[in-house]
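Single-structure report; data block below.
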Amino acid sequence: MLRTDPAFSMFVEWCKTDALPYWAATALRPSGGVHEFLYMDGTPVLNINQRMRVQARFAYVYAHAGALGWYKDARKISDHAWNYLIGVGSVGANSISETGYEGCAHLLGPDDQLYDGGRDTYAQAFVILAGAWRYIAFKDEASLQVATDTLRLLDTYMAADNGGYLEGYPASLPRRQNPHMHLFEALLAMYDATMCQEYLKRAGEIYTLFTQFFFDKETGTIIEYFNEDWSRASNHGGPVEPGHMAEWCWLLREYEARTKENVGNIADQLYGTVLEIGCNKKTGFICDILKELPARYRTWPQTEWIKASLVQERAGYPGAGKIAADTTRAMLNTYLNVPEKGGWGDQLDADGEMISSTMPTSTFYHLFCAAAEVQAFKKFN
């Protein structure tokens, strides 16, 4: 039976017994928060700026791991990143908010001092996601309040008059679909945390943006970049990223499961397009950017391809489950087959050779989400 494929069990066990303990031991910075990157021997990359969204992602991973019962010290590790994020990571907005809450900064320097106090919409989406999951896992009311306040901040200072959100405060161009994709994900998490229908309604507003602007039904691809009026930016709004197409496929199916909205035609078209034009027939991996030469293959698109394949298998898409199992097996043999047990390589070339020298902490979000989806698939009946 497909759900008992050994690759699935091996991947889940890798996450539970190798990755979660490894990153809890190696990624934490003594002054707070987590390192942006580790070298392939597990030592931290120092003297670089720190993105606050990485802190939010790390706090989310261990919260979700705690909810699944995968790591006994999940609260302690999640707290380490979260407290840094909402402490020194949330300074420097120049009082944009009359209520006093100003969201998280974009970048801190290696000395924990503010480097870029802009309020990046993409980063705020991960604050909301982490806050929702910290409530799900730990019943932490304060974290849920941070998530609620962050959404209110976006509504007040980053909402655009013509739908969706600006890139941040201050606003910049081009506008992107990517922050909206992660806000969509965060709103679904807020619904799961609170069962409040308002969050599904708000997710529906982003779904409308998706159908109107982000999804190109003629090509079955995702448009990434836009002008202020939602017209497509230069290069027809490209480049095309198959990983985001797979990510949207998974998210649309998650939305469908909660709302009964019929997303089948769009999800199938997205998935089929990735399979047809984004997948390396030799390795089975999907590329970072379509038509980019030389072709490169980061870890995170493969995790999204696994997730998309699993939800498509449940929806009855022929062969999708086998693709998920084969991709998982191939990842175990390549990206995760590194000397540091629990670590990963970040990027392969077109021949499947490792070309990266560091392990991005941010990628744990993608790998963990894929392992959680595999676990859910194994239990599906």
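The values are calculated or read from the model by the stated rules, or taken from the named source; none is laboratory data. Owing to the predicted nature of the structure, the values given are computational and were not obtained by experimental measurement. Cβ: placed from backbone, ideal geometry, glycine included. Neighbour counts: every protein chain shown.
Looking across the range 166-199 at every residue that is crowded, with 20+ Cβ neighbours inside 10 Å and of a type in the set (Ser, Thr, Tyr), the one that is nearest to residue 229 (Cα to Cα) is identified as 169.
Tallying residues that are in contact with a Lys or Arg (Cβ under 8 Å, 6 or more places away or on another chain) and farther than 16 Å from residue 362 by Cβ within the range 11-52 yields 2.
Those residues that are surrounded by fewer than 20 Cβ atoms within 10 Å (Cβ to Cβ), of a type outside the set (D, E, K, R) and over 24 Å from residue 292 (Cα atoms), I need them from the range 327-367; list them, please. The answer is 332, 333, 337, 338, 339. If you go through the range 264-313 and keep only what is over 29 Å from residue 356 (Cα atoms) and either β-branched (Val, Ile, Thr) or touching a helix residue (DSSP H, G or I) at 6+ places or on another chain (Cβ under 7 Å) (or both), you end up with 266, 267, 311, 312, 313. Selection of the range 33-53 for residues being surrounded by fewer than 24 Cβ atoms within 10 Å (Cβ to Cβ) and of a type in the set (A, V, I, L, M, F, W, C) yields 37, 38, 40, 45, 46, 48.
Annotation: residue 91 fulfils all but one of (1) surrounded by 16 or more Cβ atoms within 10 Å (Cβ to Cβ); (2) closer than 17 Å to residue 32 by Cβ; the unmet one is (1).
Can you find even one residue in the range 334-343 that is closer than 23 Å to residue 272 by Cβ and under 19 Å from the mean Cα position of the chain (by Cα)?
Checked against the condition, which is being closer than 23 Å to residue 272 by Cβ and under 19 Å from the mean Cα position of the chain (by Cα), the range 334-343 yields no hits at all.
Among the residues of the range 171-229, those that are part of a helix (DSSP H, G or I) and either β-branched (Val, Ile, Thr) or at pLDDT below 95 (or both) comprise 194, 206, 208, 211. The criterion of being touching a strand residue (DSSP E or B) at 6+ places or on another chain (Cβ under 6 Å) and of a type in the set (Gly, Ala, Ser) does not hold for residue 203. Screening residue 211 with (1) surrounded by 23 or more Cβ atoms within 10 Å (Cβ to Cβ); (2) over 28 Å from residue 96 (Cα atoms) gives one miss only, at (1).
Just one of the listed residues (201, 217) is in contact (Cβ under 8 Å) with a residue 24 or more places away in the chain, out of contact with any Leu (no Cβ under 8 Å at 6 or more places or on another chain) and among the basic types (Lys, Arg), and it is 217. Taking the stated definitions as given, is residue 293 modelled with pLDDT under 95, surrounded by fewer than 24 Cβ atoms within 10 Å (Cβ to Cβ) and not in a helix (DSSP H, G or I)? Yes: the conditions hold for residue 293.
Before we move on, is residue 56 buried (at least 24 other Cβ atoms within 10 Å of the Cβ), among the aliphatic types (A, V, I, L, M) and touching a residue at least 12 places away in the same chain (Cβ under 8 Å)? Against the criterion (buried (at least 24 other Cβ atoms within 10 Å of the Cβ), among the aliphatic types (A, V, I, L, M) and touching a residue at least 12 places away in the same chain (Cβ under 8 Å)), residue 56 qualifies.
Of all residues in the range 20-40, those satisfying the criterion of being assigned to a loop (DSSP other than H, G, I, E, B) and in contact (Cβ under 8 Å) with a residue 12 or more places away in the chain are 27, 29, 31, 32, 33, 35, 36, 40. Residues in the range 276-286 that are under 21 Å from residue 220 (Cα atoms), part of a loop (DSSP other than H, G, I, E, B) and either out of contact with any Cys (no Cβ under 8 Å at 6 or more places or on another chain) or of a type in the set (Lys, Arg) (or both): 281, 284. Against the list (1) within 25 Å of residue 218 (Cα to Cα); (2) assigned to a loop (DSSP other than H, G, I, E, B); (3) of a type in the set (S, T, N, Q), the condition residue 337 fails is (1). Residues that are in a strand (DSSP E or B), crowded, with 19+ Cβ neighbours inside 10 Å and either touching a His at 6+ places or on another chain (Cβ under 6 Å) or among the β-branched types (Val, Ile, Thr) (or both) within the range 106-165 comprise just one, 120. Whenever a residue of the range 119-136 is within 17 Å of residue 105 (Cβ to Cβ), its partners that are among the acidic types (Asp, Glu) and modelled with pLDDT of 95 or more, lying with C-beta atoms within less than 7 angstrom and at least six residues away or across chains, give the pairs 121/167. Between 370, 376, 324, 308, which is surrounded by fewer than 18 Cβ atoms within 10 Å (Cβ to Cβ) and part of a helix (DSSP H, G or I)? Residue meeting the stated conditions: 376.
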